[in-house]
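Worksheet: the structure to be examined is printed underneath.
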């Protein structure tokens, strides 16, 4: 209900904005909130319309335009609209990132890496543009995103999650197990009581339990079912570190485990 009201209010404010002159930064902030409201409603058509409208109102290449585009990537990742997310990322990449601050440049690397992971597991037809999104090298992520690791919550957790996901994708279980101590330390020191990271705490705890035990099918199923129930109870919680929806990520992870188990059985 709140999201619906927000969406309606934003639409009316937009009509008012079209009649008066306002600063680009105000427009950008409004467009971000509008896009977020449509995203929470999972209204894909309105998200697309909002994005096209912002393209007309914001000066391409400006700091406000870049900020808006970052939010476009995140919203489309959350909606699992990977074609639109790829296009938004390529729009940013076309500008060049040499002038961006290190934090913002590294944040784009992280978004691109999650986008590559999503593409690799998606059934969506991407018409070849996905080939422009480079593969992820999991062990390079900490150095590629060194500015982000200074933040003990949020994107630092995203880096740790993605490293483990890609290692499972590559069948490098032994390397994933080596991150057990990092997971334990992170859970204990940085996220144990964080009120704004409940879903990420659940997912990291699941990963910790997963890699420290056997990969026996019934055990994995039990852990997975428990996590799905827990995430469902927090379905409306916002969590900065959840760049890709954890329900989608969980399905990808389990499929990767099954795939590599089959390969081992055949070898």
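The values are calculated or read from the model by the stated rules, or taken from the named source; none is laboratory data. Just so we're clear, the structure is a prediction, and the values are computed from it rather than from any experiment. Note that we place each Cβ from the backbone using ideal geometry, even for glycine, and neighbour counts take in every protein chain shown.
In this structure, residue 117 does satisfy being crowded, with 16+ Cβ neighbours inside 10 Å and either touching a strand residue (DSSP E or B) at 6+ places or on another chain (Cβ under 6 Å) or under 19 Å from residue 250 (Cα atoms) (or both). When the range 73-98 is examined, which residues are found to be without any contact (Cβ under 8 Å) to a residue 40 or more places away in the chain, more than 13 Å from residue 244 (Cα to Cα) and assigned to a helix (DSSP H, G or I)? Result: 84, 88, 91, 92, 93, 94, 95. Restricting attention to the range 36-51, the residues that are modelled with pLDDT under 75, on the phi < 0 side of the Ramachandran plot and not in a helix (DSSP H, G or I) add up to 1. Screening residue 122 on (1) at pLDDT below 85; (2) in a loop (DSSP other than H, G, I, E, B); (3) surrounded by fewer than 20 Cβ atoms within 10 Å (Cβ to Cβ); (4) under 17 Å from the mean Cα position of the chain (by Cα) shows it passes everything except condition (1). Inside the range 173-193, residues that are free of Cβ contacts under 8 Å to residues at least 24 places away in the same chain, crowded, with 16+ Cβ neighbours inside 10 Å and within 18 Å of residue 140 (Cα to Cα) make up a count of 0. The single condition from (1) over 14 Å from the mean Cα position of the chain (by Cα); (2) at pLDDT 80 or above that residue 70 fails is (1). Of the residues making up the range 211-249, those that are under 27 Å from residue 189 (Cβ atoms), touching a residue at least 40 places away in the same chain (Cβ under 8 Å) and part of a helix (DSSP H, G or I) are 211, 246, 249. Quick one: would you say residue 217 is surrounded by fewer than 16 Cβ atoms within 10 Å (Cβ to Cβ) and at pLDDT below 90? Criteria met by residue 217. Please verify whether the range 250-262 includes one or more residues that are surrounded by 13 or more Cβ atoms within 10 Å (Cβ to Cβ) and farther than 21 Å from residue 122 by Cα. No, every residue in the range 250-262 fails to be surrounded by 13 or more Cβ atoms within 10 Å (Cβ to Cβ) and farther than 21 Å from residue 122 by Cα. The criterion of being over 19 Å from residue 109 (Cβ atoms), assigned to a helix (DSSP H, G or I) and touching a helix residue (DSSP H, G or I) at 6+ places or on another chain (Cβ under 6 Å) does not hold for residue 167.
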